[in-house]
1. Confirm whether Ile208 is surrounded by 15 or more Cβ atoms within 10 Å (Cβ to Cβ), at pLDDT below 95, under 17 Å from Asn131 (Cα atoms) and not assigned by TED's automatic domain parsing to the domain that holds Ala24.
2. crowded, with 19+ Cβ neighbours inside 10 Å, in a helix (DSSP H, G or I) and not assigned by TED's automatic domain parsing to the domain that holds Leu137 - does that describe any residue in the stretch 82-102?
3. Filter the stretch 136-181 for residues that are part of a loop (DSSP other than H, G, I, E, B) and at pLDDT 90 or above and give the result.
4. Which ones in the stretch 42-60 are surrounded by fewer than 16 Cβ atoms within 10 Å (Cβ to Cβ) and either under 19 Å from Ala24 (Cβ atoms) or under 17 Å from the mean Cα position of the chain (by Cα) (or both)?
5. Out of everything in the stretch 58-81 that is assigned to a helix (DSSP H, G or I) and among the acidic types (Asp, Glu), what residue ends up being farthest from Glu148 (Cα to Cα)?
6. Count, please, the residues in the stretch 16-56 that happen to be part of a loop (DSSP other than H, G, I, E, B) and under 29 Å from Leu119 (Cα atoms).
7. Do any residues in the stretch 134-145 that are more than 11 Å from Ala104 (Cβ to Cβ) have Cβ atoms under 9 Å from those of residues that are of a type in the set (Asp, Glu) and crowded, with 18+ Cβ neighbours inside 10 Å, where the two are at least six apart or on different chains, and which pairs are they?
8. With the structure loaded, tell me whether Leu119 is buried (at least 20 other Cβ atoms within 10 Å of the Cβ) and of a type in the set (A, V, I, L, M, F, W, C) or whether it fails that test.
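The values are calculated or read from the model by the stated rules, or taken from the named source; none is laboratory data. Note that the structure is a prediction, hence the values are computed from the model and not measured. Virtual Cβ from ideal backbone geometry, glycine too; neighbours counted across all protein chains shown.
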Amino acid sequence: MEAKAKNKTQLAYEYILSHIESGAYGPGYRVVIDQIARELGLSSIPVREAIRQLEAEGLVEFKPYAGAVVSTINEKEYVETLSVLAVLEGYATALGSAKLTKEAIKQLEQLNEQMERALEELELERFSELNYAFHSLIYSHCGNAYLEEQIKQIWQRMKRIRVYGFTFVPQRAKASIGEHREMIRLLREQAPPHEVEQYARQHKMNTIEAFLRRR
């Protein structure tokens, strides 16, 4: 019985989380327990437990007279997190640049093309997933397991606080595709590692700058 209750709570948790990450439940959106329970065919108990879990992760907060609402983005945390990622990913990209095979570079081109199609179809969640796949393919060749693990943890941290930059700054997505093309060119032509590192780092910093200019 306890396992079943846990599964129902997990179901509700994943349902709400997916809506938050996709932007369907934007900042300030009121999360109505009874409504979600009806949509999932559950009682209110597992939904309430799921919301408590999301609250503990900082994704949902309780406000007087409104109840559970989706938290607004923590701008300071976003900028700080992405700044660290820019440094680590730039270094990992430089390390991986010497080890990328022609097949891997071809995969990068395919991923970037898929990102372009996702953008045309306004599938920003899919776009973000492909963006992660693009960068993780590069740094998976860095040869430093600890560095790779740290980067993955930061990506997960970003996901938890709903800071996929493209969700908040959609116009940044198109520019990102162009920057990916340039990054692929540098990798294909085996540019000096310091050039690759600088470009990869600036690529991430451009997202921060676009985020800060969005108002």
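1. In short, yes.
2. Within the stretch 82-102, not a single residue is crowded, with 19+ Cβ neighbours inside 10 Å, in a helix (DSSP H, G or I) and not assigned by TED's automatic domain parsing to the domain that holds Leu137.
3. Ser140, His141, Cys142, Gly143, Asn144
4. Glu55, Glu57, Gly58
5. Glu75
6. The number of residues fulfilling the criteria is 8.
7. Close Cβ pairs satisfying both conditions: His135/Glu89; Ser136/Glu148; Tyr139/Glu89; Tyr139/Glu148; Cys142/Glu148.
8. No, not satisfied.
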